[in-house]
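Peer 1: The structure's right below; bear with me while I get my questions together.
The values are calculated or read from the model by the stated rules, or taken from the named source; none is laboratory data. Worth saying up front: this structure is predicted, and the values here are computed from it rather than measured. Cβ sites come from the backbone with ideal geometry, for glycine too, and all protein chains shown count toward neighbours.
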Amino acid sequence: MRILLIGGGGREHALAWKMAESPLCDKLFIAPGNPGTALHGENVPLDIHDKASIGDFALSNDINMVVVGPEVPLVQGLGDHFAADSKLRDILFVGPQAAGARLEGSKAFAKAFMKQHHIPTAGYQTFTCESLQEAYRFVESLSPPYVIKADGLAAGKGVIICSTPEEAKDTIEEMLCNNRFGDASKTVVIEEFLEGREMSVFVITDGNSWKLLPAAKDYKRIGEKDTGANTGGMGAVSPVPFAGPQLMKRIEQRIIQPTISGLKAENIPFTGFIFFGLMVVEDDPYVIEYNVRLGDPEAEVVLPRISSDIVAMMEAAACGRLQDYNVRIINDYAICVVITSGGYPDEFEKGFTVTGLDQVSGSHLFFAGLKHDDNRLVTGGGRVIAITSTGADFHQAREKTYKNARIVDFKGKYYRRDIGKDLIPYI
Ligand code: AMP
Ligand code: GLY
């Protein structure tokens, strides 16, 4: 099979590594990829938002399957572009069309979907600039903290948690009437604050059947002890030691199955991954958000724990015969720490030489914001490298990751030293 993978971060490096292992993969292209994906396939400089170029490339390179890593091309309808074209239609496509991608692309849609299908989530209302006064009244009816969410995609930055009603009202006005997140914040969702433990669950689905993939916990804040600004993700751990069989059963029965059945009931076809961001309140799971792809850096701990052939899995999903596929999961811990440029998620400098990569042993190095400059590898983004170690012993796996995190170096390097620390009591 000739495969085109869309994306260029740590998640796509992990996907490329895993897909290239498959005997079904004859040729792998990654668009645009990064120096890490280039170790497993051929990078091609396509604009991932240019549907026509991606379609043309797929046709002229006899692509059999397209796999989409990030959400934006899905929300923009790359899948619809393939489905609508008589020549592209036969190419297997892993990722939902725009209708299904609204689960991630519109928080107002996702909330209404959950309400309609009785999927547990925080209480909420949606507002626009015209209903600003109603939004203020809704804030006054809630107790702090206040959760204000831009409806559309905002690169992971569209959720603001405010501690006072004044701050909440200013944030709402900024979003709705001053375009804080452009079109993404023309509508906002204001929701109840849920206090609990966060975790993420992943499935692959063909729209009828679904298969559970390893669960993960991620660390979104820049600072240790979950302080400071939200980032794309500073680390991840899989499995989630507090998610025992009873909780997992509740998640399957109350959240996953009703989501798949709800999509079907609404005639929304869905092929690909669904990432359920959950808050576990006491022992009850609630959906905080849907994503229509694998997470980054969650993929860097989820994929190393899958021992079955993921190309066969994706092919089965895209052909509507996922029911017959058996996911095999390795019963090890996987612990990932993301090394970032100093200053991220705010302004940061790029172009610093990265050293120590050849001295790393016993861990996977998944490249993200790294690029070639002549013969050197230099920093080229906020999240530079994700380091993942696996092992039956949580502490040993964690120590291996941190040993290697100390070895990789560049000017301004930063990483959180407490990834997984909160989980130690549950081990
Ligand atoms: P999201 O982008 O929707 O995942 O939200 C970003 C982060 O905000 C989540 O990871 C949670 O930590 C937090 N969050 C979102 N919604 C809620 C909520 N209803 N209650 C408490 N925390 C929330
Ligand atoms: N790590 C969070 C995400 O991929 O959305």
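Peer 1: So for the stretch 235-247 (the condition being within 11 Å of ligand 1 (Cβ to nearest atom) and either at pLDDT below 95 or within 17 Å of the chain's Cα centre (by Cα) (or both)), does at least one residue qualify? Before you say what the answer is, go through the steps one by one.
Peer 2: Initially, the stretch 235-247 is screened for residues within 11 Å of ligand 1 (Cβ to nearest atom), giving none.
Checked the stretch 235-247: no residue is within 11 Å of ligand 1 (Cβ to nearest atom) and either at pLDDT below 95 or within 17 Å of the chain's Cα centre (by Cα) (or both).
Peer 1: Using beta carbons and a limit of 8 Å, which pairs, at least six apart or on different chains, have the first residue in the stretch 141-160 and at positive phi and in contact (Cβ under 8 Å) with a residue 12 or more places away in the chain and the second one away from ligand 2 (no atom under 16 Å from the Cβ) and small (Gly, Ala, Ser)?
Peer 2: none
Peer 1: For the condition touching a Ser or Thr at 6+ places or on another chain (Cβ under 7 Å), under 18 Å from ILE204 (Cα atoms) and surrounded by 17 or more Cβ atoms within 10 Å (Cβ to Cβ), what is the one hit in LEU278, LEU294, LEU263?
Peer 2: LEU278
Condition check ((1) within 16 Å of ligand 1 (Cβ to nearest atom); (2) of a type in the set (A, V, I, L, M); (3) in contact with a strand residue (DSSP E or B) (Cβ under 9 Å, 6 or more places away or on another chain)) across all residues:
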residue	(1), (2), (3)
THR205	no, no, yes
ASN208	no, no, no
PRO214	no, no, yes
LYS225	yes, no, no
ASN230	yes, no, yes
ILE251	no, yes, yes
ASN267	no, no, no
THR271	no, no, yes
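Peer 1: Here are some residues: ALA20, ALA38. Which one is surrounded by fewer than 17 Cβ atoms within 10 Å (Cβ to Cβ) and either farther than 23 Å from HIS364 by Cα or free of Cβ contacts under 8 Å to residues at least 40 places away in the same chain (or both)?
Peer 2: Testing whether each residue is surrounded by fewer than 17 Cβ atoms within 10 Å (Cβ to Cβ) and either farther than 23 Å from HIS364 by Cα or free of Cβ contacts under 8 Å to residues at least 40 places away in the same chain (or both) leaves just ALA38.
Peer 1: Still on this model: Which of the residues belonging to the stretch 377-394 are small (Gly, Ala, Ser) and either free of Cβ contacts under 8 Å to residues at least 40 places away in the same chain or in a loop (DSSP other than H, G, I, E, B) (or both)?
Peer 2: GLY380, GLY381, GLY382, ALA392
Peer 1: Could you tell me which residue of the stretch 273-327 is farthest from ligand 1 (Cβ to nearest atom), considering only residues that are of a type in the set (Lys, Arg) and within 25 Å of TYR219 (Cβ to Cβ)?
Peer 2: Restricting to residues being of a type in the set (Lys, Arg) and within 25 Å of TYR219 (Cβ to Cβ), the top hit is ARG305.
Peer 1: May I pose another question? Take the residues in the stretch 126-168 that are in contact with a Gly (Cβ under 7 Å, 6 or more places away or on another chain) and either farther than 30 Å from GLY77 by Cα or part of a strand (DSSP E or B) (or both), then tell me which one is modelled with the highest pLDDT.
Peer 2: LYS149
Each row is one residue, and each column tells you yes or no for (1) aliphatic (A, V, I, L, M); (2) within 16 Å of ligand 1 (Cβ to nearest atom); (3) within 30 Å of ILE385 (Cα to Cα).
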position: ALA38; (1), (2), (3): yes, no, yes
position: ALA58; (1), (2), (3): yes, no, yes
position: PHE113; (1), (2), (3): no, yes, no
position: GLU130; (1), (2), (3): no, no, no
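Peer 1: Going by the structure shown, is TYR290 aromatic (Phe, Trp, Tyr) and either within 12 Å of ligand 2 (Cβ to nearest atom) or free of Cβ contacts under 8 Å to residues at least 12 places away in the same chain (or both)?
Peer 2: Answer is yes for this residue.
Peer 1: Restricting to the stretch 125-157, name every residue that is within 16 Å of ligand 2 (Cβ to nearest atom) and more than 13 Å from ILE190 (Cβ to Cβ). Step through it out loud before you land on a result.
Peer 2: Filtering the stretch 125-157 down to residues within 16 Å of ligand 2 (Cβ to nearest atom) leaves 149-150, 152-157.
Residues satisfying the conditions are GLY152, LEU153, ALA154, ALA155, GLY156, LYS157.
Peer 1: Oh, and also: So GLY207 ticks every box in (1) on the phi > 0 side of the Ramachandran plot; (2) modelled with pLDDT under 95 but one. Which box is left unticked?
Peer 2: (2)
Peer 1: Could you please tell me which pairs satisfy a Cβ distance under 8 Å, a separation of 6+ or placement on different chains, a first residue in the stretch 194-207 that is farther than 15 Å from ILE329 by Cβ, and a second residue that is within 9 Å of ligand 1 (Cβ to nearest atom) and in a loop (DSSP other than H, G, I, E, B)?
Peer 2: Listed pairs, sorted by first residue: LEU194/ALA122.
Peer 1: Which numbered condition trips up ALA216, out of (1) more than 17 Å from the chain's Cα centre (by Cα); (2) buried (at least 23 other Cβ atoms within 10 Å of the Cβ)?
Peer 2: (1)
Peer 1: Out of curiosity, is SER200 under 21 Å from ALA112 (Cα atoms), at pLDDT 95 or above and either within 16 Å of ligand 1 (Cβ to nearest atom) or surrounded by fewer than 16 Cβ atoms within 10 Å (Cβ to Cβ) (or both)?
Peer 2: So SER200 fits the description; yes.
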